[in-house]
Amino acid sequence: MKITVIGAGYVGLVSGVCFAEFGFNVICVDNNTSKIKSLKNGCVPIYEPGLDTLIMKNSAAGRLIFSSEISSSVKDADIVFIAVGTPSKSDGSADLSHIYQVIEDIHDSVNKNAVLVIKSTVPVGTTRTIKQLLSNKGIELDVAFNPEFLKEGAAIEDFMRPDRIILGVESEKAKDILSHVYRPLYVFNIPIVFTELETAELSKYASNAFLAMKITFINEIANLCEVCGADVKEVALAIGLDKRIGDQFLQAGPGYGGSCFPKDTSALENFARKLGIQVPLVTETIISNRDRRDKMINKILNACGNDVKNKNISILGVTFKANTDDMRDSPSVDIINSMISRGANIRIYDPSFSEQAKEIFKNINFSKNAYDNCNDADAVVIITDWPEFKALNLSELGKRVKNHLLIDLRSMYSISEVRNSGFTYSSVGKKTFKPESQHE
Ligand code: UDX
C-alpha cells in the first residue's frame, strides 16, 4: 500500500509519519521547499514531542519520504490524503484555495485507481464538489473525508489512540482501503464510524465548535465564581464527574486560541448563515471568547492598581497552549500588546522558546527561565499552562520580584499553596487572595 499525504503541517506530517509507523510506504509532500529540506535533514519544523524520533525511525526504514514534487508523488499512490490548511477568510469562511490548487496540481498525474481522501477541515459539500471537479476533467476518483482530531502537543498520542475514526465514504472500495489503512488502530477496538461525506464533514466542525463552547461555558462560570466566592476548579470537578458532561475541556483560562477553534467556529457560523440557519450558541461562543481577552486585560490592570505605566511585568508563557511553540491566535498577543500600549515594561519567558513569539514580540526581552524573568517584577502573569509553571518555587520567586503579585490566568495554584507565600494571588474563577498584611 502506497500512501501520499499532501500538506506537511501538523495534521499532514503527523498523519504521514504515523501511517509509516503502521508499516505503510508514505510520501509526505509540501510546496514549502525549505520545510521539505529541513525534514529531509531530520529537522522537524514543528514543536511536537516525539515526532522527531518517529520521523528518523521511519525515514531510516525507508518507509517515509519527503518531497516537494507533487506530480511524481501521486502517480503510484493507492491513497492520496489532502491535509493542506483551510485558514479563515476575512468574512470567517474557510479559504479552500490551497485545496483546489492541489486538485489542479494532481489531476493529470494522480493514479486513476487511487482513493482521494480529504483530511483538511472543509465546509460541508466540499468533498463532493472536488469529486465533481475531477469528473469534469475526465477523472473518476473514489473520494472520502477523514477528519483528524489531534491536539497540538499531543498529536502522536491522539493519532495513535483516537476516541474514534470517522470515515465519510461513498464506495465499497474507499471503505475497504481506508479500513485497511486504519486496521492497526482497529485492533485496539477503536471504533470506526462510516458515514455519508456530508455527515463526516459536519461532524468535524460540530466537534470543534462544541469543545470551544464547552471551554467558553466554564470561562463564564469562572466569571461568576470570582464574585460569588465559589472555586471554578471545584465546580469543574463537581460537574465533570457527571458522565454526561465529562471532565475534559473544563479548565477555565484566558479563552481558547490556536489554529482550529477560532477558524472552525467562524467557518461553521459562516456556513450556517449562508444556508439561512442561525447557530446562536456558536455565535455567542465566538463573541464571548473574543471579549474574554479584554476581561483578562482588565483583570491584570485591576490587580496592578489600574496603572502599569513603567511597571515591570513578567509574562510566563505566551503560546496558545502548553507543549507547543504555536502562537496562532494566542490570547497572549492581545494581552501583551495592551500592556505595552499602557507603558508597561514586559519580559517574557516561554519554555518553547518559540521563534514565532520572538518574531511577534520583536522588541521584548526573553528570559532563559521563569525565575530570571521575574527579577524586579511588579507583577508576574501566567498566561500559558506549561507544566513547569504548576510548581514554581514561590519563595524563590518572592526573592526575585519587587512586588508580590501573581496573576495566574490558568488558576494553577490553590489558595493553600499561595497562602504563606506572601503573594497576592489573582486568578481566573476564584476570589483574589491577599496575604493578611494587605487586608484593608
Ligand atoms: C483542537 C481540538 O482539540 C482538536 O481535536 C482538533 O483536531 C484541533 O483543534 P488544539 O487547538 O491543537 O486542538 O488544542 P486544544 O488542546 O484543543 O486547545 C485549544 C485551546 O483551548 C487552547 O487555547 C487551550 O488553552 C484552550 N483550552 C483547552 C482551554 O482553555 N481549556 C481547556 O480545558 C482546554
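Do you know which residues across region 206-226 are open to solvent by 30 Å² or more (accessible area, probe 1.4 Å), among the hydrophobic types (A, V, I, L, M, F, W, C) and touching a residue at least 60 places away in the same chain (Cβ under 8 Å)? Answer for region 206-226, where residues must be open to solvent by 30 Å² or more (accessible area, probe 1.4 Å), among the hydrophobic types (A, V, I, L, M, F, W, C) and touching a residue at least 60 places away in the same chain (Cβ under 8 Å): A206, M213, I221.
Using the structure shown, decide if D91 is open to solvent by 50 Å² or more (accessible area, probe 1.4 Å), in a loop (DSSP other than H, G, I, E, B) and of a type outside the set (V, I, T). Can you show your working first?
Values: open to solvent by 50 Å² or more (accessible area, probe 1.4 Å): yes; in a loop (DSSP other than H, G, I, E, B): yes; of a type outside the set (V, I, T): yes.
Taking the combined requirement at face value, the residue satisfies it.
Any idea which of I313, I286, I277, I336 is buried (at least 20 other Cβ atoms within 10 Å of the Cβ) and more than 16 Å from the ligand (Cβ to nearest atom)? So that I can check it myself, show each step before the final result.
Numbers: I286 fails: more than 16 Å from the ligand (Cβ to nearest atom); I277 fails: buried (at least 20 other Cβ atoms within 10 Å of the Cβ); I336 fails: more than 16 Å from the ligand (Cβ to nearest atom).
Exactly one residue qualifies, and that residue is I313.
Among the strands (runs of 3 or more DSSP E) confined to region 342-440, the ones with at least 2 residues that are closer than 28 Å to V227 by Cβ and without any contact (Cβ under 8 Å) to a residue 24 or more places away in the chain are located at 424-427.
Considered as a group, the residues in region 151-170 that are more than 9 Å from the ligand (Cβ to nearest atom) and not aliphatic (A, V, I, L, M) include one that is farthest from P184 (Cα to Cα), and that residue is E170. Within region 60-95, the residues that satisfy the criterion of being touching a helix residue (DSSP H, G or I) at 6+ places or on another chain (Cβ under 8 Å), at negative phi and not hydrophobic (A, V, I, L, M, F, W, C) are R63, S67, S68, S71, D78, G85, T86, P87, S88, D91, S93. When region 1-25 is filtered for residues that are under 14 Å from N58 (Cα atoms), within 25 Å of the chain's Cα centre (by Cα) and not in a helix (DSSP H, G or I), only F22 remains. In region 16-60, what residues are open to solvent by 60 Å² or more (accessible area, probe 1.4 Å) and free of Cβ contacts under 8 Å to residues at least 12 places away in the same chain? Listed by number, the residues that qualify are S34, K37, N41, C43, D52, T53, A60. Only one of the listed residues (S203, S171) is farther than 18 Å from V5 by Cβ, surrounded by fewer than 15 Cβ atoms within 10 Å (Cβ to Cβ) and at pLDDT 95 or above. That residue is S171.
Evaluated against (1) crowded, with 17+ Cβ neighbours inside 10 Å; (2) without any contact (Cβ under 8 Å) to a residue 60 or more places away in the chain; (3) not in a strand (DSSP E or B), G85 falls short on exactly one condition, (2).
The values are calculated or read from the model by the stated rules, or taken from the named source; none is laboratory data. Being a predicted model, the structure only gives us computed values, none of them experimental. In this analysis, Cβ positions are derived from the backbone assuming ideal geometry, glycine residues included, and neighbour counts consider all displayed protein chains. Just the protein is used for accessible areas: all its heavy atoms, side chains included, with ligands, DNA and RNA removed. Shrake-Rupley method; radii C 1.70, N 1.55, O 1.52, S 1.80 Å.
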